[in-house]
Amino acid sequence: MKLKGLGIILLALCILFGCKKGADDYTEGLTEEQTAILEFVSEISDRSTRADFKDLFTTAPNASELKKYQEFSFSALDPIEVNGNSATAQVEIVKYGGDDPASTKTWKFSKSGETWKIDAAPL
C-alpha cells in the first residue's frame, strides 16, 4: 500500500512540476537577435490596442490599417533570419474567434538602436 501511495505522490509531483523541458526551451538554438524577434512578434497582439502601437513600425500604417491588427494573434515561426540590422520571419496569423485556418506571411524588421521595428507586416 505504501508503494501505491508513493507512486501517486510521484505522479502528482510530475504533473505539478512537469516532466518535460523548461519554459525557456522554445528559444533553444536561437541567437539573441532571433529570440528578440520571436518575443517582439509575440507581444504585438497585446500591444495592438495601445495608443503607442504605431511606434512599433518604421513607417506606421494609417489608423484603419492599424486597427485590423487587433483582430489577430501572431507567432513567429522558424526560421527567423537576421542579417545585421534587418530581419525576416515567417509569422503565423490567427484571427480571434474565427474558423479560418491560420495563415503564414513573411514579415520584415529593422533594428533602430537597440529596438526592433516592423518594416512590413502583411495580414
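The values are calculated or read from the model by the stated rules, or taken from the named source; none is laboratory data. Remember, predicted model here, so these are calculated numbers, not experimental data. Here Cβ is always computed from backbone atoms with ideal geometry, including for glycine, and neighbour counts include all displayed protein chains.
Taking segment 60-84 as the range and being touching a helix residue (DSSP H, G or I) at 6+ places or on another chain (Cβ under 7 Å) and either loosely packed, with under 12 Cβ neighbours inside 10 Å or assigned to a loop (DSSP other than H, G, I, E, B) (or both) as the test, only Ala60 passes.
Inclusion of Asp52 among residues that are within 15 Å of the chain's Cα centre (by Cα) and part of a helix (DSSP H, G or I) is not warranted. Got at least one residue in segment 109-119 being among the aromatic types (Phe, Trp, Tyr), under 24 Å from Gly29 (Cβ atoms), at pLDDT 95 or above and crowded, with 16+ Cβ neighbours inside 10 Å? Within segment 109-119, one or more residues are among the aromatic types (Phe, Trp, Tyr), under 24 Å from Gly29 (Cβ atoms), at pLDDT 95 or above and crowded, with 16+ Cβ neighbours inside 10 Å.
Count, please, the residues in segment 85-123 that happen to be of a type in the set (A, V, I, L, M) and either without any contact (Cβ under 8 Å) to a residue 12 or more places away in the chain or assigned to a loop (DSSP other than H, G, I, E, B) (or both). If you could, list the steps in order and put the result at the bottom.
Residues of segment 85-123 of a type in the set (A, V, I, L, M): 87, 89, 91, 93-94, 102, 118, 120-121, 123.
Then drop every residue that is not either without any contact (Cβ under 8 Å) to a residue 12 or more places away in the chain or assigned to a loop (DSSP other than H, G, I, E, B) (or both), which leaves 102, 121, 123.
Going through segment 85-123 one residue at a time, the tally reaches 3.
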